[in-house]
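Values quoted throughout were computed directly from the atomic coordinates according to the rules given, and no laboratory measurement underlies them. Everything numeric in this text was worked out from a predicted model, so none of it was measured. We place every Cβ from the backbone using ideal geometry, glycine too, and count neighbours over all the protein chains shown.
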């Protein structure tokens, strides 16, 4: 036996040994290959021992009842590590409150990309999952909710649906919340909110009660996505007084519900959204998450809340190391989005999923958001294989430079009709007019008064249809596919290269999640051992995907 990097080294990769004083058995990690294998044994307690004479370190796995110190006369205990299960990553209260096995959320990819089938598959595996209902009509959403109930039954709790901020259509927000309350949807992920709306407050506060011990109990749970401290503060605070008063006056909250709402935060699960697909401020998670966690701690102390506010992490999570880093920073849970679009249960077309599978970390770009075009809000989308981002940016530049469709230069107008719309501008306006006649006639009235708004609605036609063409797999529109995507997709593709998850047919939402969580636990164990002085090889931090049950 010799020494390698301070570890006991022998020809055997793993060696069983009997101590001289009591028969305690342990297994020594003897070389770099053995250390990698040892790191993967996350479900066993482990010890780091130092030999008193040689100073060499050894990683051991004592059996139950062996005692704490094998060969106590020869070794000092440096560290004792308990088992580490993927189920134990994050805040245990998250799982308890929401009935999950894992502190992991499958995010609500809009326009039905996060399908009822995806939600049901994830929920059955003990993951939290949100239906991608943003951008769907209430009737379509209702159909999806019924499908989820049929697949899961009425007792399942670890699922919900999306509410996207629609400042130009407050009546749509109200209609969707009416539907959620009527259908017993108890968890809603609120996305793209720039301010609070009565609808989101009504959902969070409906059904509040105080139990016999005086503890306030929620019926409905709100999961807002935020990327700025000022927005986080809105959801960490009680609802605005004026909004509560108005909701009571309209009969949409009871006086008791409003009174209880004044004593608690609007949401107890807040998702910090970093550099993600879709609506994003492109903030680094390592900057944003600690900032919001510190804000959370200040708010709880100042307001004297009896319960904590769980802060989750999203954006850029496409590898086990990224997930482990989020938990290490204090995230209560993690949420994935972009990578699930390539899953077999995704509502994205096979053509779109193939495009995602080829993406690298730099193959993303910002494009105007269809729902908030005039305010300049942008979304992050796939750039590789599609012209959508470049064409969307051109539309916004034309909108900024001109006051009406009639004012567009002839060459630009012809290009739009030939390459973007494949129809005349007047034909696109008639199609758009027909759409808003049934959805929001006020948009038509405004467009007929304001030529610039009419131009915006016509341009939004292209932006809106980009995601529809991608979902349908319209081959003649491949260059116009809008696929929401963050750099996590490229990192995921690199991680799974050469593994079973490289094949699209094996990318189920559950296998993606289970491998990320298993890998995150392995990375966390590798870091624990390294912190104890063990010279953990770099290979120990690279978990290879494998089919998991």
### Message
Using only the alpha-carbon atoms, how far is helix 170-183 inclined from the longest principal axis of the chain? Give it as 0 to 90 degrees, nearest 10.
### Response
50 degrees
### Query
What angle do you read, to the nearest 10 degrees and between 0 and 90, between the alpha-carbon axis of helix 425-439 and the longest principal axis of the chain?
80 degrees
### Task
Diagonalise the Cα gyration tensor of the range 119-222 and give the resulting equivalent ellipsoid semi-axes, square root of 5 times each eigenvalue, largest first, whole Å.
21, 20, 12
### Query
Each label point is 7 Å from the Cα along the Cα-to-Cβ direction; what then is the distance between the points at residue 546 and residue 249, in nm?
6.4 nm
### Task
Divide by every residue of the chain the summed helix terms, -39500 (n - 2.57) for each DSSP H run of at least 4, and state the resulting mean residue ellipticity at 222 nm, rounded to the nearest 500 deg cm²/dmol.
-12000 deg cm²/dmol
### Rg in Å to one decimal, and Dmax rounded to a whole Å, for the range 353-480 via C-alpha atoms
14.9, 46
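Given R₀ = 51 Å, what would the calculated FRET efficiency be for residue 282 paired with residue 51, taking r from the Cβ atoms and rounding to 0.05? Walk me through the numbers on the way to the answer.
Details: r = 50 Å, r/R0 = 0.99.
The formula returns an efficiency of 0.50 here.
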### Task
Percent of Cα-Cα pairs per 10 Å bin, from 0 to the last occupied bin, for the range 490-549, please list those.
22, 47, 24, 7, 0
#### Entry: Likely footprinting exposure, 212, 80, fewest C-beta neighbours within 10 Å first
212, 80
### Query
Taking other Cβ within 10 Å of each residue's Cβ, how do 106, 523 sort, fewest first?
523, 106
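Determine by what factor the alpha-carbon radius of gyration of the chain differs from 2.2 N^0.38 Å, reporting the quotient. The partial results should precede the final answer.
Values: Rg = 26.7 Å, N = 549, 2.2 N^0.38 = 24.2 Å.
Computed over Cα atoms of the chain, the ratio equals 1.11.
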### Query
By how many degrees, 0 to 90 and rounded to 10, does the Cα axis of helix 388-401 deviate from the longest principal axis of the chain?
40 degrees
### Query
Equivalent-ellipsoid semi-axes (√(5λ), Cα gyration tensor) for the range 431-475, whole Å, largest first?
24, 12, 6
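Report the rotationally averaged projected area of the range 75-132 based on its alpha-carbon convex hull, in square nanometres.
Mean projected area of the Cα convex hull: 5.3 nm².
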## Note on the structure
In nm, the gap between the two label points placed 7 Å beyond Cα toward Cβ at residue 215 and residue 445 is 5.1 nm
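Which of 327, 436 comes first, and how do the rest follow, when ranked by fewest Cβ neighbours within 10 Å? Write out the running numbers ahead of the final one.
Working: 327 22, 436 16.
The order, fewest Cβ neighbours first, is 436, 327.
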#### Entry: Reference-scaled alpha-carbon Rg (2.2 N^0.38 Å with N residues) for the range 76-177
1.36
### Query
With the radius of gyration and the Kirkwood radius both derived from the Cα set of the range 88-348, what is their ratio Rg to Rh?
0.93
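Considering only DSSP beta bridges where both residues belong to the chain, give the percentage that are antiparallel (nearest 5).
Values: 28 of 54 bridges.
If I count the DSSP bridges inside the chain, around 50 percent turn out antiparallel.
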### Viscosity 0.890 mPa s, temperature 25 °C, Stokes-Einstein D of the range 172-291 from Kirkwood C-alpha radius, µm²/s
163 µm²/s
